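Written below as structure tokens is the structure these notes are about.
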Amino acid sequence: MDQRKVNMLARDYCKDSIKPIIISSHMIMGLGEGQEKMSKSSPNSAIFMEDSAKDVEKKINKAYCPEMVIEKNPIADYIKYIILPGFDYEFTIVKNLEGGGTENRIYRSNE
């Protein structure tokens, strides 16, 4: 929704031609700790379309990704919303609970 203004502006500029189709999706988290969304003002915590494969790899390797933490983890977010939808498989993240036992979170590409 934070891009709604620019999307509407684009539609207004296309009065006499074909209107653009706007497809909105989940807001991808920034790669730094506590970043609710990517921001061009923080280039090392955002992946841009023009980034090289080497730049993307470097940014992913430096991303906030605490062991055994799923919530507010940008790498888990990427896997769920970018990687899994392109493939037909599943994976499980196992979290050890303080009182013993484990909690499993299963991610499937078809959900």
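The values are calculated or read from the model by the stated rules, or taken from the named source; none is laboratory data. The model shown is predicted, which means the values in this text are computed figures rather than measured ones. Please note: Cβ atoms are built from the backbone with ideal geometry, for glycine as well, and neighbour counts cover all protein chains shown.
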Report task. Would you point out which residue out of MET29, MET49, MET38 is within 18 Å of TYR81 (Cα to Cα) and either in contact with an Asp or Glu (Cβ under 8 Å, 6 or more places away or on another chain) or not hydrophobic (A, V, I, L, M, F, W, C) (or both)? Result -> MET29
Query raised in the report: Among LYS62, LYS37, which is the only one that is within 25 Å of TYR107 (Cβ to Cβ), touching a Leu at 6+ places or on another chain (Cβ under 8 Å), modelled with pLDDT of 80 or more and of a type outside the set (S, T, N, Q)?
Result: LYS62
Query - Flag if ILE70 is without any contact (Cβ under 8 Å) to a residue 40 or more places away in the chain, in contact with a strand residue (DSSP E or B) (Cβ under 6 Å, 6 or more places away or on another chain) and outside any strand (DSSP E or B) - result: yes
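I'm trying to understand the selection: among the residues of region 61-77, which are loosely packed, with under 14 Cβ neighbours inside 10 Å and of a type in the set (D, E, K, R)?
Here is the first cut: in region 61-77, the ones loosely packed, with under 14 Cβ neighbours inside 10 Å are 61-62, 66-69, 71.
Those that are loosely packed, with under 14 Cβ neighbours inside 10 Å and of a type in the set (D, E, K, R): LYS62, GLU67, GLU71.
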Query raised in the report: For region 83-111, which residues satisfy the criterion of being among the β-branched types (Val, Ile, Thr) and assigned to a strand (DSSP E or B)?
Result: THR92, ILE93, VAL94, THR102, ILE106
Query - Unmet criterion (only one of (1) touching a residue at least 12 places away in the same chain (Cβ under 8 Å); (2) exposed (fewer than 11 other Cβ atoms within 10 Å of the Cβ); (3) not in a strand (DSSP E or B)) for LYS80 - result: (2)
Report task. Tell me, yes or no, whether region 14-33 has at least one residue that is over 27 Å from ILE106 (Cα atoms), outside any loop (DSSP other than H, G, I, E, B) and either of a type outside the set (Phe, Trp, Tyr) or within 15 Å of the chain's Cα centre (by Cα) (or both). Result -> no
Query raised in the report: Is at least one residue of region 102-110 within 24 Å of ASN7 (Cβ to Cβ), surrounded by 11 or more Cβ atoms within 10 Å (Cβ to Cβ) and not polar (S, T, N, Q)?
Result: no
Report summary line: Over region 36-64, the set of residues under 13 Å from the mean Cα position of the chain (by Cα) and either of a type in the set (S, T, N, Q) or assigned to a loop (DSSP other than H, G, I, E, B) (or both) is GLU36, LYS37, MET38, SER39, SER45, ALA46, ILE47, PHE48, ALA63, TYR64
